Every structure is written in C-alpha cells, then in structure tokens.
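Once you've had a glance at the structure underneath, I'll fire off some questions.
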Amino acid sequence: MARVQLQGVTKKFGAVTAVNDITLEIPDKQFTVLVGPSGCGKTTALRLIAGLEEASDGDIFIGDRRVNDVPPKDRDIAMVFQNYALYPHMTVYDNMAFGLRLRKYPKPEIERRVKEAGEMLGIGTLLDRKPKQLSGGQRQRVALGRAIVREPQVFLMDEPLSNLDAKLRVQTRAEIKKLHARLQTTTIYVTHDQIEAMTMGDRIVVMNVGQIQQVDTPINLYEKPANLFVAGFIGSPAMNFIDATVADSTGRLFIDAGSFRVEIPPTWMAAAKPWVGRRVIFGIRPEDIADRALTNGASPSQTIQATVDVHEPLGSDVILYLTTGPHSIVARVEARSQAKMGQSIEVVMGMKKMHLFNPDTQEAVI
C-alpha cells in the first residue's frame with residue numbers, strides 16, 4: 001500500500017489537452033473518487049497513474065518512487081475496467097489466477113489467494129464456471145477478485161459498475177466499500193455518477209475540462225462548493241441558480257431577483273455586504289426549499305409565490321418544478337404536500353443554506 005502523487009501532470013493528445021497541470025496527493029489507504037462529466041479527463045488521469053498513457057509533462061509517484069518511466073506491470077497496481085475484460089475461454093479460477101501465473105507464483109500460493117478472494121467476494125462456488133455462465137454482477141466480482149489476488153499497492157477502478165442495473169449497482173458499491181474497509185488498500189475510483197462518488201469516497205476529486213475544480217470530503221463538497229460548476233454537479237436534483245442582485249433596505253440585505261425578494265440572514269450579512277448593488281448568482285438546493293403549508297412560523301421575508309409546472313411524486317418526497325416570473329426553480333418537498341400542477345403556492349427558501357457566486361469568476365462568495 002502506498003500514497004499516490006501527481007505533480008503538475010499534463011497529458012496532450014495532439015492539440016487537445018485532456019489533463020491540464022493537475023497536482024494531487026492521495027494518502028495511503030484512502031478511497032479517492034475522481035468524478036466529473038464525460039470528457040473531463042478523469043479516466044485519462046487514471047490511465048496516467050496506471051502507465052497506460054505517458055504524461056506529456058509532470059511527475060507521478062507511487063509511494064516514494066517516481067513511476068513516469070516504469071512500465072504498467074512493474075508499478076504494483078491492479079486495475080478493474082468497465083467492461084470486466086475477462087478471458088471467455090478460461091474458468092473463473094483461471095481468470096483470477098492468470099496474472100499470478102505470469103509472475104510465476106508457486107501453485108499453492110496461487111490457490112490460496114484465489115480461494116480467499118473467491119470466499120471474500122461470495123463467488124467461491126463459481127470457480128469452475130466460464131464467464132458466459134455468470135450474471136453481470138458475478139462477472140464484476142471476478143474482475144474485482146482478479147485485482148485482489150495481486151495484493152497490489154494501489155487499486156485503480158474505471159467506472160466498474162456502469163454496466164450493472166440500478167439495484168445491483170447499489171449493492172455492489174456497498175460491497176466495494178466493505179472490501180476497502182477490510183483490505184485497506186489505496187483505491188482510486190473513477191465515475192461520472194455523483195451519487196456513486198458521494199456514497200463511496202473518503203475524498204472526492206471533482207474534475208472539469210482537464211482541471212481539478214475541488215478536492216474535499218463528500219459533505220464539504222455538498223455544503224461548501226468552491227465554484228458554480230461543483231455546486232451544480234454535486235447534488236440531485238441540481239442546485240438552483242438565479243441571476244439576482246444584493247439589495248440593502250434600511251440595514252437589511254436581500255436577494256432581489258425581480259420577481260421575488262428574500263432576506264439574507266444575519267449569518268451571511270458580512271460576506272454579502274460588499275455585493276450590495278452588484279449582480280450575483282444566487283444558489284439554493286431543492287431540498288432547502290419547503291412548501292409553506294407544511295411549515296410553522298416561516299418568515300414572510302423568506303417566502304415566495306410560485307406556480308407549479310410539474311409535480312413528481314417519489315414516495316418519500318415530491319419534486320416540484322416551479323416558475324416565478326422568468327425564473328424556473330426546482331423544490332424537493334415533503335410527500336404530504338398538497339401542491340398540484342397549475343396551482344400557485346408559497347414556498348419557503350432555507351436562506352441559512354443559501355449560496356452566492358461571483359458571476360464573473362464563478363467562484364463561491366458564500
């Protein structure tokens with residue numbers, strides 16, 4: 001096991017810069033997730049660590065060893081791919097043992113490692129089967145087992161759950177987390193699914209257009225996004241963004257969006273004061289907006305009128321798509337809300353959880 005470091009790493013494919021001057025340290029034993037939209041550079045970063053791509057610039061370290069010129073087979077890493085990459089003519093046992101045989105491990109040691117991994121993953125009874133006789137979830141476990149038997153310093157996982165159905169994906173991500181807790185191997189996991197990232201990672205690296213936007217714990221990414229991109233990417237449904245100005249009325253500050261006005265709480269007045277009279281982007285998460293009919297003592301200064309365009313019941317709660325003036329807002333309210341499509345309702349903005357962004361730099365102000 002070892003820490004992984006990237007220092008000023010860049011990767012260019014001709015005129016295209018896939019990874020742009022990223023610096024990152026992944027501590028020993030940590031489960032780190034690289035997340036971002038398609039084309040953001042997360043898989044390229046993983047392939048650079050694995051040695052499947054050569055860095056155009058910068059240094060990559062695994063442990064204390066610079067590995068830029070070390071071939072993939074000598075980096076002491078194991079990779080799990082999206083498509084499993086199993087040999088169809090080999091049994092489960094042979095697929096898991098193949099890498100160890102190439103490295104000329106003794107037969108008893110191979111047998112021990114394969115059987116231990118098989119029992120750990122719940123596929124101990126499937127070792128004599130061929131991949132075509134397995135379900136998608138079982139094949140994914142075989143791919144994980146093949147990585148585990150290597151006992152590497154670092155696990156690299158490239159969207160390993162994307163081929164599974166929704167229920168199996170939830171189950172398998174829990175199994176991977178339990179596996180990491182047991183093995184304590186440094187793990188770097190790539191996904192485009194922010195829910196997967198939030199539920200699995202000890203720490204999350206949010207990427208966009210080849211650059212790191214923020215590195216933080218899941219809860220800090222959610223509560224304290226560094227910029228507009230992170231705020232919009234993390235959370236489901238996505239954060240609402242509304243063009244507004246900060247207005248001062250007899251010492252009280254307000255978010256003025258034209259069709260509505262809501263008061264900024266005392267907690268945020270000092271941070272908002274420099275923005276009085278200036279354009280800002282006001283952000284609030286759908287789950288921080290409530291149906292006023294279900295609240296007690298909601299402040300009128302944090303209440304707005306809106307029309308329900310779409311009503312989506314989810315069982316545990318309801319998603320409301322609202323319109324107020326030119327603004328569209330999404331709210332996630334309690335399931336007992338009586339709001340109906342076409343109806344005008346009052347909703348309460350949870351302004352203690354508001355966000356403000358600089359419209360020019362897109363950096364967070366609050």
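The values are calculated or read from the model by the stated rules, or taken from the named source; none is laboratory data. A quick note: this is a predicted structure, and the numbers were derived from the prediction, not measured. Please note: Cβ atoms are built from the backbone with ideal geometry, for glycine as well, and neighbour counts cover all protein chains shown. Accessible surface is based on the protein model in full, side chains and every heavy atom, while ligands, DNA and RNA are left aside. Shrake-Rupley method; radii C 1.70, N 1.55, O 1.52, S 1.80 Å.
Just name the residue that is nearest to residue 219 (Cα to Cα) out of those in the stretch 293-308 that are open to solvent by 70 Å² or more (accessible area, probe 1.4 Å) and not small (Gly, Ala, Ser). Spell out how you get there, then give the answer.
Looking only at the stretch 293-308, we keep the residues that are open to solvent by 70 Å² or more (accessible area, probe 1.4 Å), and these are 293, 296-297, 300, 305.
Narrowing further to those that are not small (Gly, Ala, Ser): 296, 300, 305.
Numbers: 296: 28, 300: 30, 305: 31 Å.
Filtering first and then ranking leaves 296.
May I pose another question? For the stretch 146-160, check the following and say yes or no: at least one residue is without any contact (Cβ under 8 Å) to a residue 40 or more places away in the chain, surrounded by 22 or more Cβ atoms within 10 Å (Cβ to Cβ) and not basic (Lys, Arg).
Looking for residues that are without any contact (Cβ under 8 Å) to a residue 40 or more places away in the chain, surrounded by 22 or more Cβ atoms within 10 Å (Cβ to Cβ) and not basic (Lys, Arg), one finds none in the stretch 146-160, hence no.
State whether one or more residues within the stretch 186-206 are surrounded by 19 or more Cβ atoms within 10 Å (Cβ to Cβ), within 21 Å of residue 360 (Cα to Cα) and touching a residue at least 40 places away in the same chain (Cβ under 8 Å).
Yes; the residues of the stretch 186-206 include at least one that is surrounded by 19 or more Cβ atoms within 10 Å (Cβ to Cβ), within 21 Å of residue 360 (Cα to Cα) and touching a residue at least 40 places away in the same chain (Cβ under 8 Å).
Scan the stretch 314-327 for residues that are more than 15 Å from residue 261 (Cα to Cα) and either open to solvent by less than 70 Å² (accessible area, probe 1.4 Å) or not in a loop (DSSP other than H, G, I, E, B) (or both) and jot them down.
Across the stretch 314-327, the qualifying residues are 315, 317, 318, 319, 320, 321, 322.
Could you tell me whether residue 227 is free of Cβ contacts under 8 Å to residues at least 24 places away in the same chain, closer than 30 Å to residue 10 by Cα and surrounded by 14 or more Cβ atoms within 10 Å (Cβ to Cβ)?
no
Let me ask something else. Could you tell me which numbered condition residue 125 fails, if it satisfies all but one of (1) within 25 Å of residue 32 (Cα to Cα); (2) of a type outside the set (Phe, Trp, Tyr); (3) in a helix (DSSP H, G or I)?
(1)
For the structure I just gave you, tell me whether residue 267 is open to solvent by 50 Å² or more (accessible area, probe 1.4 Å), among the hydroxyl-bearing types (Ser, Thr, Tyr) and in contact (Cβ under 8 Å) with a residue 60 or more places away in the chain.
Considered against the rule, which asks whether it is open to solvent by 50 Å² or more (accessible area, probe 1.4 Å), among the hydroxyl-bearing types (Ser, Thr, Tyr) and in contact (Cβ under 8 Å) with a residue 60 or more places away in the chain, residue 267 comes out as yes.
Starting from the stretch 282-309, take each residue that is without any contact (Cβ under 8 Å) to a residue 12 or more places away in the chain and list its partners that are assigned to a strand (DSSP E or B) and open to solvent by 40 Å² or more (accessible area, probe 1.4 Å), counting only C-beta distances under 8 angstrom and pairs at least six apart or across chains.
none
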